[in-house]
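Written below as C-alpha cells is the structure these notes are about.
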Amino acid sequence: MLRAEPLNRIQLLMLASETQDAALALARFGVFNPAPCTLDALEETPAVAYREAWLEAEARLSKLLEQCGDTGPLSIPADAAAPALADLQELNAWLKDVWVACLACHESEAQIAEARSHLDALEETLAKLERLNVDLAHLLRTDSLLAVNIGSLPATGLRRLTEALAMTGHLVSRFDQIGEQVFAVIAGERNRHEEVRGLLTQAGWRELPVPDELRIHPQAARTWMGQERTRLNTQSGAACQIMDGLRERFGPRLHEARLRLALARPLAEAALAGVRGKGGLAALSGWVPKRQMGALHDTLDEHFHGRYWLHVREPSAREVSDVPSLVRYPGWLKPFVPLVKSYGIPRYGEFDPALPFAFTYLLLFGAMFGDIGHGAVILLLAAALYRRIGRMAWVGIAAGAASMLFGLLYGSVFGYEDLIEPVWLSPLHDPIRVLTLAVAFGVGFISFTLLANAYNKGVAGRVAEALFDSSGLAGLLFYLGAIGLLASFAGAADVAQLAAMLAGLGILVVAAYKWHEARAGLGERILVTVIETLETAINLFSNTLSFMRVAAFSLNHVALALAVFTLASGLDAAGHGFTLVLGNIVIIMLEGAIVAIQALRLMYYEGFSRFFSGDGREFVPLRLASQHAKI
Amino acid sequence: MSAYLDTRVSLFAGRLWRDEALDALVGAPDETVADTLTQRGLSQLAAGFINPADRQDSRSLEQRIIAQILDETQVLIRPLCGDARSFLTFWTARFEISNVKTLLRSKLTGERPAAVLARLTPMGIFGRLDNQDLAHAEDVGELLRRLEAGPYASIVRPARRAFEQSRDPFILDAALDHGYYEGLTLYAHPLENAVGAPFRSLMANLIDRINLVWLLRYRFNYGLPPAQVYYLLVGSRYSLPGTRLQELAALDSLDAVLAALPLPLQTQLAGVTDIPSVFARMEHAAAGQALRVLRSRAPDIARAFAYLILRERDLRAIRAVLRGRHLGLAEADIRMALHRAPARAA
C-alpha cells in the first residue's frame, strides 16, 4: 500500500554568513521541504534582503536573456558555492547597468520609429500643401498673428482636444492617421498660444520638427527630409549595434550570472517559507524524510564540519495538517498521479489512492468501452502522441489495452459482435448479468472506500469517527448487512437473519453516534439524528446504483455500433464504407471521451469523496535549477 | 439567472450599514468591534482589527476593504454575461488602475520592488496585470511601455505620451483617471440603452459628481486653464453635458460655478462653500438614489450596481471609523469625517 513517507521536522541553526551555503547543500541533498521557522527567540528575517536581491537580479537577467537569446545549457559544478548577499547585490547592480544600457537602446529605437513616422507625415503634409498652392513660408511665419502647429496625438483624444481648443479660439484640422496616431494642424491666435501649451501636453501632442527650409522653399525641404532619413538610419544602426553586440560583449558574463543566480535560488526560495535569525545566527526549518536523517547529518558534516546545530523531532498531532506528503510512486504509476492530484493531495499519513485508482479506472474504462478495434485505435493514438503529451500518453495506452482486453472478453471488434466468440459474455445478449456484475462491483468498491475512510480517520486520531460514523466501520456493517438482506430477498444468498442483525446493529451504532455528536436542543437533536441516519442509508444505496452506468455504457457501446451499421446498410458500397469509418471515428471520439469522464466521475464522487479529503500539502523540496526530479 | 441575482442582491442588501449602526461602531468598546464586524460579514476587517502583532495576515485595512468588495463582486457577476458582466468587471478595474499609479509612483521615487509589491492591492480573479513583472521594471519609461503592451493599453498610451512631454506625475495620474472613466462610460453605454433609467441614473450621479469635483479641483485648487480642465473631464451625456462643462470651466470662482449649475444640482448643493462638501453632498444624493434603485424592482444589473456603490461607501465609512479609533481621535471628529446624513430611511 502506498503511504506518505514518515517525515521529521528539523531546525538547522548555523552561522548567518553560511545560510546560503546551507540552503544550497539542502537543495543538493534534494529532500528538504522548507517550512516557517518557529523559534520565537530568533526575531530577525536575515534572508529577506537576499531574496529581494535575487528576485531583482533574476528579473533583469531574464529580460537580458530575452534580448540576447539563450546562453547555452547550464551545468552547475558540484563544488560551486552560493553567492553571499554582497556578491548577489553586486551582480544585481551589474545586471542593472547592462539592462539600463539596453533599455536606452530600446528607448532610442522607439524614438527613431516615432521620428520616422513623423517624417512620413510631414512629407505627406508637404505634398498636400503643395497641391493646394499654399504659401508655406507665410503660413508658418513665426512673426505672424496666427500660430500654426503641425504634430500628432493619440486618436482617442482628438475629439476632446478639438472641443477644448475651440474654447480658446483654436482650430484643429486632421490630415492623416497612422495606427493609433492622428496627425493634425492646429491654428490659433499667437497671443493665446501659451494658454493651450498645458492642454497640448496633457493631450500627448507631439510637435513635428518643421525645418526653416520648409518655411522657405519646398524643394529644399525635400532635401532636408532626405538628410533627416539618413541620419535616423545611422542612429538606428548605431542603436542596433549595441543590442546586437550584447551577446558577444556580455555572453560569458551573463552565463556566469545565470550560474550564480541558480546557486542563490535555494536560499531565496527558502526565504519565502521564512528563515529566521538573530545576530550572527540563522535558522532554517523544514521537513526531511526520517530515513534520510543519516544522509542529512553526513551532508551537513561534510559542508560545515560541526559548525551547526540540528534539532530533529517527529511531527506533533496538532501539526499533522501542516506536514507535507511525500509519496514515492513506482514509475509505471506516475502517469496516473496527476489525475489523483487534480482532486487533491493526500494528507500526511492518509491512505494514498493512486494505486487503486489506476487499477479501478482502467477496469471501469475497459468494462464500459470494451472493443478490440476501438481499444487498439486509442492505444495507437496515445502512443503516437507520446512526444507531445509526455508520460500522460501511458494512461491512454493502458486504457486502450484495457479496452482491448474487455473487447476480447465481450467478443467485440469495431462494433461487430459476431467476428469472434466472446471469451466471457456479450453485454448485448446478457444485459441482466452485466447489470448485476456492475452493481456487485459497486458494492465492493464502496466497501473498500468505507474501509479506507476508517483507516484514514484512525490514522488521524479520530478513532470514534472511524468506528461509529456512517462512513466508518459501523456504516460498513450496516451497508454489508443491508446488501446481504437484499441478496437474500432476491434469492442470491441465504443469510437474511445474520444480515438483518448486522444491518440493524450498524444503523443503531450510526444513529447513536449522530445523537452523541449533535450539539443542539432535544427536538433538533432528534431531527438531525433521524435525517442524517436516513441520509446515510439513501446515499450508500444511490451510490451503489450509480455503478449501473458501467453496464449501461457497455450496452450503449454495442447500441451505437448497431446504429452505425443500420445507417450504413441502407447505402451503396462507397456510402457504406464511408459511414462505417465515420461512425467508428464518432464512437471512438465521442463515446471514448464520455466513458473516460464517467470513469473519472465514478472514481472522484463515489470513491474519493468518501475517504479522501484532498487537502494535504505536497512535498516541495528545495532544488537546484538544473536538478532532475529524484522523487 | 435574474431570480438568482435578484435574490443574491437582496440578501447582500441586508449587510448594508445604517447610520445608527455606524454611529454605534464609533462609540463601541474595543473588545466588541471585531464581533460587530464579523456579524456583518466583515470577518476580513475584523481580523485586521485584532492586535496586528497577533495576526498572520499582513494586509492593510485598505487592502482588506478592497478584498471584501472584490469577493462580493465575484459573487454578483457569477450569473451575468455579456455587457453586464463586462461592465461590473471593468468597475473593479479602478482598483487595478490604482495599483498602476502606485507602481508608477514607486518608479518615480525609486522604491524597492518588494516594498511596492507589498502595498499593491491583490486583485484575485479580477487581476489582469503581472505585478511581479511590472514592479521589476527599471524605470517609469520601461514600466509604461510594459503596461502599454497589456490589457490597459488604451488607458496607458495617452498617459505615456502626456508624461513623456512633461515628466509631471500629476499629468500622468490625471490621464490615467480620465482614461479609466472614459472607458467606464463606454462599457455603460449599451447597458443604459438596454436597462434604462435606473442604471442611467446611477451612472449619471457618478459621472456628474466626478466631473464637477474634478472641474472645481483642477480649476481652483491647481489653477489650470479652462481648456485643459475641460479636456480632463469625462465625456458626459448626463446632467452636465460637454457644452455645459465648457461654460462652467470658463467661470472664475466656485460660487460662480455653483450658481451656473442646472437647477436640480443647484438645489442639491445649496449652501455649499467648499469642494469636499460638494463631493459629500453629491455622494449622499447618489447614495440615496442607489438605495431607491436597490429597493425598487429595477433590472438585476442596476440593483447589483446600486448595491456595490452603497457597499463601497459603507466600507469607506467603516475604514474612517477604524482609522479614527486607531489614531485615538475623538468620537465627534470621526463623526464629522464620515460626512454621512443624520439617518437613512429604513
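The values are calculated or read from the model by the stated rules, or taken from the named source; none is laboratory data. Since the model is a prediction, treat every value here as computed from it, not as a measurement. Reconstructed Cβ throughout: ideal geometry from the backbone, glycine too, with neighbour counts over all protein chains shown. The area values use the complete protein model at the heavy-atom level, side chains included, leaving out ligands, DNA and RNA. Shrake-Rupley method; radii C 1.70, N 1.55, O 1.52, S 1.80 Å.
Data for the structure
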read-out: Sorted peptide list for B:285-296, A:50-61, A:312-323, A:447-458, criterion being average Cβ within 10 angstrom, highest first; value: A:50-61, A:447-458, B:285-296, A:312-323
read-out: By accessible area with a 1.4 Å probe, ligands and nucleic acids excluded, highest first: order of B:ARG112, B:ARG15, A:ARG160; value: B:ARG112, B:ARG15, A:ARG160
read-out: Linear extension gain, A:ALA625 paired with A:SER173, 0.36 nm per residue minus alpha-carbon span; value: 156.9 nm
read-out: Area accessible to solvent at B:THR121, 1.4 Å probe radius, in Å²; value: 10 Å²
read-out: Residue-level accessible surface for A:TYR308, protein heavy atoms, 1.4 Å, Å²; value: 50 Å²
read-out: Rounded tilt (10° steps) of A:19-29 against the dominant C-alpha axis of chain A; value: 50 degrees
read-out: Net charge over other residues, Cβ less than 14 angstrom from the Cβ of A:ALA511 (K, R count +1; D, E count -1); value: -2
read-out: Computed label-point distance, nm, for sites A:HIS516 and A:ASP430 using a 7 Å Cα→Cβ extension; value: 4.7 nm
read-out: Full-extension gain in nm, A:ASP97 to A:TYR605, via 0.36 nm per residue minus C-alpha separation; value: 177.2 nm
read-out: Cut-off 14 Å between beta-carbons: net charge of the residues surrounding A:ALA59, Lys and Arg +1, Asp and Glu -1; value: 0
read-out: Partner chain coverage, peptide A:167-176 - average Cβ within 10 angstrom; value: 2
read-out: FRET efficiency, B:ASP71 to A:LEU145 (Cβ-Cβ, R0 51 Å, nearest 0.05); value: 0.25
read-out: Gain upon complete extension [A:LEU562, A:ALA86; 0.36 nm per residue less C-alpha separation]; value: 163.8 nm
read-out: Span-rule helices in chain B, defined as complete DSSP H runs reaching 18 Å or more along the axis (Cα) with Kyte mean at least 0.0; value: B:61-77, B:169-195, B:197-216, B:275-295
read-out: Pairwise label distance in nanometres, A:ALA166 with A:LEU272, each label 7 Å out on the Cα-Cβ vector; value: 5.6 nm
read-out: Shielding by partners, peptide B:235-243 (average Cβ within 10 angstrom, other chains); value: 1
read-out: Rounded percent of accessible protein surface that carbon and sulfur make up, the protein assembly as shown, 1.4 Å probe; value: 59 percent
read-out: Per-pair calculated FRET efficiency, R0 = 30 Å: A:GLU421 and A:PHE578 via Cβ, rounded to 0.05; value: 0.55
read-out: Length-normalised contact order of chain A in % [C-alpha pairs under 8 Å, at least 6 apart]; value: 21 percent
read-out: Gyration tensor (alpha-carbon) shape descriptor, the range B:118-230, a/c threshold 1.5; value: oblate
read-out: Förster radius 60 Å - calculated FRET efficiency between B:CYS81 and B:ALA115 (Cβ-Cβ, nearest 0.05); value: 0.90
read-out: 0 to 90° range, to nearest 10: angle between helix A:592-601 axis and chain A longest Cα axis; value: 70 degrees
read-out: Ordering of A:589-597, A:473-481 by packing [mean C-beta count within 10 Å, highest first]; value: A:473-481, A:589-597
read-out: Number of partner chain Cβ atoms within 10 Å, mean per residue of A:156-163; value: 5
read-out: Heavy-atom SASA rank of B:TRP17, A:TRP309 (probe 1.4 Å, accessible area, largest first); value: A:TRP309, B:TRP17
read-out: Label point distance in nm, A:VAL495-A:SER316, each placed 7 Å from Cα along Cα→Cβ; value: 4.6 nm
read-out: Sorted peptide list for B:217-224, A:187-194, criterion being average Cβ within 10 angstrom, highest first; value: B:217-224, A:187-194
read-out: Accessible area in the full protein assembly, largest first, 1.4 Å probe, for B:THR32, B:THR73, A:THR201; value: B:THR32, A:THR201, B:THR73
read-out: Distance between the range A:382-396 and the range A:469-505 - C-alpha centres, whole angstrom; value: 44 Å
read-out: Average accessible surface area per residue within the range B:130-229, 1.4 Å rolling probe, Å²; value: 34 Å²
read-out: Rounded tilt (10° steps) of A:473-489 against the dominant C-alpha axis of chain A; value: 60 degrees
read-out: The range A:487-618 - charge dipole about Cα centre, Lys and Arg +1 at Cβ, Asp and Glu -1, debye rounded to 20; value: 180 debye
read-out: Interface burial for B against A (accessible surface, 1.4 Å probe, total of both chains, Å², rounded to 100); value: 2900 Å²
read-out: Cross-link reach list, aspartates and glutamates versus A:LYS457, counting only Cα pairs under 12 Å and skipping chain neighbours closer than eight places; value: A:GLU350, A:GLU465, A:ASP469
read-out: Accessible surface, chain A, averaged per residue in Å² (probe 1.4 Å); value: 48 Å²
read-out: Within the protein assembly as shown, helix-based [θ] at 222 nm, where runs of 4 or more DSSP H residues each add -39,500 (n - 2.57), nearest 500; value: -21000 deg cm²/dmol
